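Inspection log for the structure reproduced underneath, given as C-alpha cells.
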Amino acid sequence: MGMKARITLLIALATAAVACTRSEALQWAVVGGSKSDGNVVLGIDVPARVGFTETHVQWDESQANAEADKRCRAYGYPGAERFDKLPVQVTCHAQGISPCWSKTYRLNYQCNDKR
C-alpha cells in the first residue's frame, strides 16, 4: 500500500470515528399533556443520523422544569413537578442495520394543585 493510500485511509477512518461519536445538547419542548388532567409531556425528537453509533443526547434538566412550569402556569396551575417514579422514556426507531436510527425522549410532569 502506497503512502498516499495510507493517508487517505487514515483520513477516512478519522472522519468515520468523529462522525460516529456525535453528541448534541437539545432543548425540551411540550409535546402533549392535558389541562383538565393537569399534566404535561415534554419531548426531544432526535432526527435520523447516518453512522455506526447513535447520537448521545445531553439536556438541561432545569430547562425542562422551566418549560413544564410555564405550560402548567398557562393552564392556570402554580407550577409543575416531575413524576419521580417515571424515568426519561427513550424510544429507538430502528431502520436498516441501525438499531437506533432516530430517537424520541419523553418526560412526564404533574401540575401542582390550583391556587
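The values are calculated or read from the model by the stated rules, or taken from the named source; none is laboratory data. Predicted model only: the values in this text are computed from it and were never measured. Here the Cβ is made from the backbone with ideal geometry for all residues, glycine too, and neighbour counts use every protein chain on show.
Among the residues of the stretch 72-86, is any at pLDDT 80 or above, part of a helix (DSSP H, G or I) and under 25 Å from Glu24 (Cβ atoms)?
Scanning the stretch 72-86 turns up no residue that is at pLDDT 80 or above, part of a helix (DSSP H, G or I) and under 25 Å from Glu24 (Cβ atoms).
Checking Glu54 against (1) surrounded by 13 or more Cβ atoms within 10 Å (Cβ to Cβ); (2) modelled with pLDDT of 90 or more; (3) charged (D, E, K, R), which single condition isn't satisfied?
The one condition Glu54 does not meet is (2).
Do you know which residues across the stretch 87-107 are of a type in the set (Phe, Trp, Tyr) and at pLDDT 75 or above?
The one that is of a type in the set (Phe, Trp, Tyr) and at pLDDT 75 or above: Tyr105.
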